[in-house]
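Data first, discussion second: the structure below is written as structure tokens.
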Amino acid sequence: MDTLESREAVLEKIAAGESLEGIRLVALDLSESDLKNADFFDASFEKINFQGAQLTGANLKDTIFRDCNLTAARCDAANLEEARFLGSDLSEAILSGANLHGTEFETSSLEGCDLSGAVLRGAALANVNLKTANLSGTQIIDTDLEGADLQGADLNQANLKNSILTKADLTRAKFVETNLEGCEMVGCLLDGARIEKATFLQVDLESADLTSSSIKESIFQLCNLESANLEGLDLQRCRFTDSDLAKSNLGNVNLSESECSQVKFSGADLTNAKFQKAACKTADFTECIISSADFTGADLRCSCFEKADLKSANFTNARMDRVELSKADCARAVFRKASIPFSLFSHANVQGADFTDADLTQAVLHRIDDKNAVWKGANKKNARSTDKDLAEAEDWKAPK
């Protein structure tokens, strides 16, 4: 491997248009130097000062940067495919539009770096400092960002498909129109993150705390949000189709006009939640706490509320065909003008509930407790009241 021992020798060869393929440079000061479009293919740099250097369009494929200073260097549109940065500082460097396919960053800093429009497919960025980095429009597919510090990073319109973000710090990060399909995000921090029109498809966010995040019109499809904390969030018009929100905290959340079809809410706390005009067909609300929630105009067809706490919940004008409400506590709930045909209320507590003008055609009202319930104008055509034979069988106990 050839070596050059002075700044002047390097700049002279570049000015002459010569290739520096395979060159080895050690402890040189190339700060503020003009290295645009230089050919450094397969080169080795050790303790080189590239601060403020111009490397725009340079060929740096397969190069190694060991303990180098690239702060504020311009590497835009450079080819850094399969390059390795070991213990190097790229703070405030400009890498916009650069090819970083398969590039490795080990114990290096990219704080404040401009990576907008760059290609980072398959890059290794685990535990790297990317604070306030600009990653907007970046291709970050199949990239390892485990444990990376992305506080305040701009990930707007970035594509992070199938990337690893486990335990990454995404505090105050921006995710506007970002694609996070197939990402691993268990244990990541999202405090103060801005999530708007982003797509989370098959993403694992189990136990995530999103309470201080801003989430607007985003898609969470086939996601694992079990035991997540979303308390008090405004999630209007978000889509959670086929996602798992079991045991999550959704108290005071606003899911009005949201898409929650086939969502698993079982065991979740939905106290005071708003589901006005939400689409919740075949959703599972088994054993949920839904007291004082508002489902006005919601589509709840074929959903399950078995053993749920629905005290004082509002289902005015809701579509509830074939809903399962067995053993649910519906005390003081409001079902005014709700469509509840073919529903199952077996053993439900409907004390003080309001069924004014509700449609309960062929509903099963077996052993309900309807003390002080209001049935004014309710359609109970072919509804089935307590089945005495079934009640006797339910009460039967084996002789001792």
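Being buried (at least 18 other Cβ atoms within 10 Å of the Cβ), of a type outside the set (A, V, I, L, M, F, W, C), modelled with pLDDT of 95 or more and over 26 Å from Ser136 (Cβ atoms): is that true of Ser33 here? Reasoning before the result, please.
Details: buried (at least 18 other Cβ atoms within 10 Å of the Cβ): yes; of a type outside the set (A, V, I, L, M, F, W, C): yes; modelled with pLDDT of 95 or more: yes; over 26 Å from Ser136 (Cβ atoms): yes.
So Ser33 passes the test.
With respect to (1) over 18 Å from Gln139 (Cα atoms); (2) crowded, with 19+ Cβ neighbours inside 10 Å; (3) hydrophobic (A, V, I, L, M, F, W, C), the lone exception for Val186 is condition (2).
Among residues that are surrounded by 19 or more Cβ atoms within 10 Å (Cβ to Cβ), under 23 Å from Lys247 (Cβ atoms) and either under 39 Å from the mean Cα position of the chain (by Cα) or at pLDDT 95 or above (or both), Leu344 is not included.
Scanning region 223-271 for residues that are in a strand (DSSP E or B) and farther than 11 Å from Ala283 by Cα yields Asn224, Asn229, Asp234, Arg239, Asn249, Asn254, Asp269.
Select from region 75-103 the residues that are of a type in the set (D, E, K, R) and touching a Gly at 6+ places or on another chain (Cβ under 8 Å) and write down the one among them that is surrounded by the most Cβ atoms within 10 Å (Cβ to Cβ). Applying the filter and picking the extreme gives Asp76. Every condition in (1) closer than 24 Å to Arg121 by Cβ; (2) within 36 Å of the chain's Cα centre (by Cα) holds for Phe45 except the one numbered (2). Name the single residue that is surrounded by the most Cβ atoms within 10 Å (Cβ to Cβ) among those in region 123-164 being hydrophobic (A, V, I, L, M, F, W, C) and over 19 Å from His101 (Cβ atoms). This residue is Ala153. Looking at region 225-242, is at least one residue crowded, with 21+ Cβ neighbours inside 10 Å and touching a Cys at 6+ places or on another chain (Cβ under 7 Å)? Yes; the residues of region 225-242 include at least one that is crowded, with 21+ Cβ neighbours inside 10 Å and touching a Cys at 6+ places or on another chain (Cβ under 7 Å).
Within region 389-400, take every residue that is surrounded by 10 or more Cβ atoms within 10 Å (Cβ to Cβ) and not small (Gly, Ala, Ser) and give me the one that is nearest to Ser343 (Cα to Cα). Restricting to residues being surrounded by 10 or more Cβ atoms within 10 Å (Cβ to Cβ) and not small (Gly, Ala, Ser), the top hit is Leu390. Residues in region 267-313 that are of a type in the set (S, T, N, Q) and crowded, with 24+ Cβ neighbours inside 10 Å: Ser303 alone.
The values are calculated or read from the model by the stated rules, or taken from the named source; none is laboratory data. Please read these numbers as outputs of a predicted model, since none were measured by experiment. Every residue, glycine among them, receives a Cβ derived from its backbone with ideal geometry; neighbour counts consider all protein chains shown.
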